[in-house]
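These notes are about the structure you will find just below.
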Amino acid sequence: MEYEEKTGRAHKPLSPKQNVRKNLDFEPLSTTALILEDRPANLPAKPAEEAQKHRQQYEEMVVQAKKRELKEAQKRKKQLEERCKLEDSIGNAVLTWNNEILPNWETMCCSRKVRELWWQGIPPSVRGKVWSLAIGNELNITHELYDICLARAKEKWRSLSTGGAEVECEDAGFSAADREASLELIKLDISRTFPSLCIFQQGGPYHDMLHSILGAYTCYRPDVGYVQGMSFIAAVLILNLDTADAFIAFSNLLNKPCQMAFFRVDHGLMLTYFAAFEVFFEENLPKLFAHFKKNNLTPDIYLIDWIFTLYSKSLPLDLACRVWDVFCRDGEEFLFRTALGILKLFEDILTKMDFIHIAQFLTKLPEDLPSEEFFTSIAAIQMQSRNKKWAQILAALQKDNREMEKGSPSLKR
């Protein structure tokens, strides 16, 4: 207080403006403060016109800020309303599925009402049950059979880890090296399955379940073994079903003609599927089809990964599950319709790209795909060519291939 003692004047509290100036060296001023602040005392005062201009700028800023706040508030309100609407819709759908459809599955599953509900997406709480019913169990696999296959798989793992004698199993003709390679591939693939979720990797809550299903399958179908991509299919089923039921659905799903052709790497049948796909590609998207042909971009470059994982690796998980919903309803045809839907959605972008960029783009699709726009694009695809449906086109191509093989000694050899 030496200054006060010398001057004999009491210290006055600083005004807000003075206080701001006092802290200039320590606190950055906002744009608003810069506009409204008077100049420091050692500088000429602002002209009246400049001060007026600054006030107007400030008032405009306030108006714009209020507009932004209002817009954000309206956006939040709309999002909340949409979320509430979606929750109500899902709640009503759950009641419909549980009370009307599932108890009367055989009579209702093919009705128009159910097909429309199916297209809108099956509620997560009933999805597993619907998938199980739609996939079916033609192989008549029981929970007990799963336990037997799992026990055999565990015995194999123990034997291979200790370097013991080969385990007695139905996979005669498959060497220990083959089995070991298959088990190593399972281990590697599990670590790469939905890594962002961190639930299937070592130490995660679903790691052992996924490992068990894949190991049990290699014992159930040693002729197929483990093929890269299977882990994604099993993982999606695990997220919606109990372990044994997931194994039953997994085994039956892989036994479908399209999946078996791809997982057993039946080149002839895979090429037939690609040829059928190209018939509908040319029919629906002639401009893009011609562009792909010009760039020598064949369907195998992008379809193999999509089909092997049933889009669960290529699409966001919630969107992939909706694709699975309709796949369970429509069968393999929908997998190829989905592929055409993706191509249609990005047609404008793809027609401007060369071979390398198209391949890169289709290998890693954008992560922010809007679901409704995506399914609208799929809905626009017509799976009919010259009055022939997918199954007819595929059957005709298969027949042609068989006749070619019969008539060609070189092919028979």
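Figures for the structure shown
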{"item": "Packing rank of 265-277, 364-376, where each peptide gets the mean count of other beta carbons within 10 Å, highest leading", "result": "265-277, 364-376"}
{"item": "Cross-link pairs Lys256/Lys399; Lys129/Lys388; Lys156/Lys187; Lys129/Lys256; Lys294/Lys399; Lys78/Lys364 - those with Cα-Cα distance over 24 Å", "result": "Lys129/Lys388; Lys294/Lys399; Lys78/Lys364"}
{"item": "Cα-based Rg / Dmax (Å) for the stretch 230-280", "result": "13.4, 39"}
{"item": "Debye-sum result for the stretch 256-405 in log10 I(q)/I(0), which assumes one identical scatterer on each alpha carbon, at q = 0.15 Å⁻¹", "result": "-0.77"}
{"item": "Per-peptide average of other Cβ atoms within 10 Å, ordering 48-59, 230-241 highest first", "result": "230-241, 48-59"}
{"item": "Solvent accessible area, Å² - Ser212, 1.4 Å probe, full protein context", "result": "20"}
{"item": "Per DSSP, loop GluC sites (Glu not before Pro) in the stretch 82-160 with at most 10 further Cβ within 10 Å", "result": "Glu138"}
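The values are calculated or read from the model by the stated rules, or taken from the named source; none is laboratory data. This is a predicted model, so every value here is computed, not measured. Cβ coordinates were reconstructed from backbone atoms using ideal geometry, including for glycine residues, and neighbour counts include every protein chain displayed. With ligands, DNA and RNA removed, areas are computed over all heavy atoms of the protein, side chains included. Shrake-Rupley method; radii C 1.70, N 1.55, O 1.52, S 1.80 Å.
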